[in-house]
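Below is one structure; the comments refer to it alone.
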Amino acid sequence: MNAIEISGLTKKYPGFTLDNISFTVPGGCIVGLIGENGAGKSTTIRLLMDLIRPDSGQIRLLGRTADAALKNDIGVVLDEPGLPAYLNAKQIGRVLADAYTGWDRSAWEDLLRRFAVPADKKFSELSNGTKMKLSLAAALSHNAKLLILDEATNGLDPVVRDEVVDILMEFTRDEEHSILISSHIVSDLERLCDYIAFLHKGKLIVFEEKDALAAEYGVFRGTEEEFAALGGAEVLHKTQTPYGVTAVVRRESVSGGAELSPVGIEELFVMMVKEMD
Amino acid sequence: MKALLRKDLYTTVGSLRMIFLIMAIFAVVTVFAENTGFYVPYLVVLPSTLGSTLINLDTREKWDRFALTLPVSRRTVIGARYVFMLLLILFGTATGAACFALRTVRGFESGGIIEAVAVCMAAALTVPSVLLPVAYKFGADKGRYIVIFLIMGLMIGLMSLAGENFDLSGLPLRIPAWTLTLAAAGLFALSWAVSVRIYEKKEIG
């Protein structure tokens with residue numbers, strides 16, 4: 001079963017349109033939603049959570065249209081956590097225990113300890129990183145089958161980010177568990193994701209398996225003459241400096257024995273944006 | 001709903017405790033000083049004014065967005081807020097009634113407690129009935145100004161209609177106190193339904 005199915009999703013604002021987006025998050029997979037600021041990542045997530053209404057299109061979560069009860073199975077971290085400023089972690093835990101049928105108090109306390117979140121400090125007094133850790137702990141403590149995370153690694157230091165990535169990978173060891181995670185820190189997603197959905201100015205440019213993307217494209221580095229020798233290679237983007245040429249090319253379009261190095265998702269993403277702008 | 005009520009309770013106790021301190025001072029003053037009976041209506045009405053403050057906090061802290069990621073419907077979000085307001089109104093009414101009763105025991109009042117409390121409770125029910133739907137529609141800050149302008153507009157309209165003969169003293173205003181409370185309760189129920197309609201269509205961006 002697909003964890004998320006989105007088809008033809010459109011939302012119009014003055015000056016911005018999320019335009020006819022379709023993709024799926026297969027069960028047991030992690031899909032990274034990448035794109036520059038304002039590309040439409042948060043709009044997509046708000047539509048998924050029914051915070052805003054689409055102009056057209058369909059959304060199915062865990063095989064059905066979303067309703068209140070279904071949200072027991074979904075853990076959410078929004079770009080701004082939204083937890084009450086005057087409540088401490090203990091009180092937030094009690095509120096969430098009342099809300100979720102599957103609330104796991106020991107998992108919650110365990111995560112708070114692991115993330116070093118003080119139990120008695122008001123939410124407003126926590127650092128941005130700790131606020132985000134508390135939100136993640138909340139999303140991971142009610143036996144959710146699907147996590148929807150909007151810029152959830154923002155504000156975290158590299159050590160904690162690494163730990164969060166490990167926890168998320170641990171979460172998807174269960175085949176029923178899936179994650180949709182948006183971020184503009186592509187390096188996190190590169191390590192974590194099975195699929196990449198790339199949004200640019202409200203349009204879905206690429207939805208592809210991460211490994212397939214890496215296999216499809218390669219980076220050429222060489223002199224201008226060597227580049228010219230590539231002939232009819234399909235070039236995604238080319239940068240020329242006095243020291244030579246760097247270009248992202250489609251591997252299958254390159255004839256001969258030109259040597260291509262593997263392309264990182266971040267590099268690919270940056271090149272695609274530059275090419276389209 | 002329990003989760004949302006608990007959150008409102010913690011927020012009210014944690015961030016709005018000054019209101020309860022003011023209420024405690026008013027309560028003590030009204031019980032011990034003879035010419036302070038006019039404070040009692042404040043005691044009853046004061047907690048009912050917290051509704052738009054809570055909506056304002058929800059928006060500022062983005063709790064309104066987070067709440068909709070919980071397994072609750074928009075109808076339940078509004079239901080919890082109205083139930084919480086009702087609890088605050090009952091708390092204010094009970095405090096006001098206790099103060100009236102103690103003032104009567106001390107000889108400061110000569111009866112009519114039930115009628116006085118009923119009228120105060122009607123006022124306490126009316127305040128959130130007007131404020132909440134406007135705050136859900138336009139936001140708490142803008143909503144507050146809209147309500148003030150509405151009341152001012154109503155007053156100016158009435159006065160200009162009445163012209164120079166603006167005098168209510170001749171009108172037959174002998175309405176039984178509990179009729180006012182019942183009418184206010186009806187208005188509260190209507191306001192609840194209107195807020196649900198507004199919130200079900202609202203985009204929480």
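Which of the residues spanning the stretch A:59-96 are more than 10 Å from every other protein chain (Cβ to nearest Cβ) and either open to solvent by less than 40 Å² (accessible area, probe 1.4 Å) or modelled with pLDDT under 95 (or both)? Hits for the stretch A:59-96 are A:Ile59, A:Leu61, A:Leu62, A:Gly63, A:Arg64, A:Thr65, A:Ala66, A:Ala89, A:Gly93. Scanning the stretch A:98-114 for residues that are of a type in the set (Ser, Thr, Tyr) and surrounded by 16 or more Cβ atoms within 10 Å (Cβ to Cβ) returns a single hit, A:Tyr100. Annotation for the stretch B:108-120: no member residue is over 21 Å from B:Leu187 (Cβ atoms) and within 14 Å of chain A (Cβ to nearest Cβ). Scanning the stretch A:250-266 for residues that are in contact (Cβ under 8 Å) with a residue 40 or more places away in the chain and either surrounded by fewer than 17 Cβ atoms within 10 Å (Cβ to Cβ) or β-branched (Val, Ile, Thr) (or both) yields A:Ser261, A:Pro262, A:Val263, A:Gly264, A:Ile265, A:Glu266.
Of the helices (runs of 4 or more DSSP H) lying entirely inside the stretch B:1-100, those containing at least 1 residues that are of a type in the set (Gly, Ala, Ser) and more than 9 Å from chain A (Cβ to nearest Cβ) are B:17-32, B:50-61. Quick check on B:Thr59: is it within 30 Å of A:Ala144 (Cα to Cα) and open to solvent by 50 Å² or more (accessible area, probe 1.4 Å)? Spelling it out, B:Thr59 is indeed within 30 Å of A:Ala144 (Cα to Cα) and open to solvent by 50 Å² or more (accessible area, probe 1.4 Å).
Scanning the stretch A:50-58 for residues that are open to solvent by less than 20 Å² (accessible area, probe 1.4 Å) and under 16 Å from A:Ser182 (Cα atoms) turns up nothing.
When A:Gly38, A:Gly27 are checked against the criterion of being within 17 Å of A:Ile179 (Cβ to Cβ) and open to solvent by 20 Å² or more (accessible area, probe 1.4 Å), A:Gly27 stands alone in meeting it. Would you check which residues across the stretch A:165-192 are more than 13 Å from the chain's Cα centre (by Cα) and buried (at least 16 other Cβ atoms within 10 Å of the Cβ) and list them? Once the filter is applied, which keeps residues that are more than 13 Å from the chain's Cα centre (by Cα) and buried (at least 16 other Cβ atoms within 10 Å of the Cβ), the stretch A:165-192 yields A:Phe171, A:Thr172, A:His177.
Among the residues of the stretch A:97-114, what is the count of those that are within 11 Å of chain B (Cβ to nearest Cβ) and either among the small types (Gly, Ala, Ser) or part of a helix (DSSP H, G or I) (or both)? Counting residues in the stretch A:97-114 that are within 11 Å of chain B (Cβ to nearest Cβ) and either among the small types (Gly, Ala, Ser) or part of a helix (DSSP H, G or I) (or both) gives 4.
Does A:Ala3 satisfy being in a strand (DSSP E or B), on the phi < 0 side of the Ramachandran plot and of a type outside the set (Ser, Thr, Tyr)? It is true that A:Ala3 is in a strand (DSSP E or B), on the phi < 0 side of the Ramachandran plot and of a type outside the set (Ser, Thr, Tyr). Scanning the stretch A:217-235 for residues that are modelled with pLDDT of 85 or more, within 23 Å of A:Val273 (Cβ to Cβ) and of a type outside the set (Val, Ile, Thr) yields a count of 4. In the set (1) under 16 Å from the mean Cα position of the chain (by Cα); (2) free of Cβ contacts under 8 Å to residues at least 60 places away in the same chain, A:Gly231 fails one condition alone, (1). Quick one: A:Leu147 ticks every box in (1) open to solvent by 20 Å² or more (accessible area, probe 1.4 Å); (2) within 13 Å of another protein chain (Cβ to nearest Cβ) except a single one, so which number is it? It is condition (1) that A:Leu147 fails. With respect to being open to solvent by less than 30 Å² (accessible area, probe 1.4 Å) and outside any helix (DSSP H, G or I), A:Ile205 falls outside the description. Considering only residues in the stretch A:212-239 that are part of a strand (DSSP E or B) and in contact with a Ser or Thr (Cβ under 8 Å, 6 or more places away or on another chain), the one that is most open to solvent (accessible area, probe 1.4 Å) turns out to be A:Arg221. Scanning the stretch A:21-70 for residues being in a helix (DSSP H, G or I), under 20 Å from the mean Cα position of the chain (by Cα) and not charged (D, E, K, R) gives a total of 6. Scanning the stretch A:30-44 for residues that are more than 10 Å from chain B (Cβ to nearest Cβ) and out of contact with any Ser or Thr (no Cβ under 6 Å at 6 or more places or on another chain) yields A:Val31, A:Gly32, A:Ile34, A:Gly35, A:Glu36, A:Asn37, A:Gly38, A:Ala39, A:Gly40, A:Thr44. For the stretch A:128-136, the criterion of being free of Cβ contacts under 8 Å to residues at least 12 places away in the same chain, open to solvent by 20 Å² or more (accessible area, probe 1.4 Å), assigned to a helix (DSSP H, G or I) and polar (S, T, N, Q) is satisfied by no residue at all.
The values are calculated or read from the model by the stated rules, or taken from the named source; none is laboratory data. Fair warning: this is a prediction, and the values are worked out from it, not measured in the lab. Cβ sites come from the backbone with ideal geometry, for glycine too, and all protein chains shown count toward neighbours. Ligands, DNA and RNA are stripped out before the accessible areas are found, and what is left, the full protein with its side chains, is counted by its heavy atoms. Shrake-Rupley method; radii C 1.70, N 1.55, O 1.52, S 1.80 Å.
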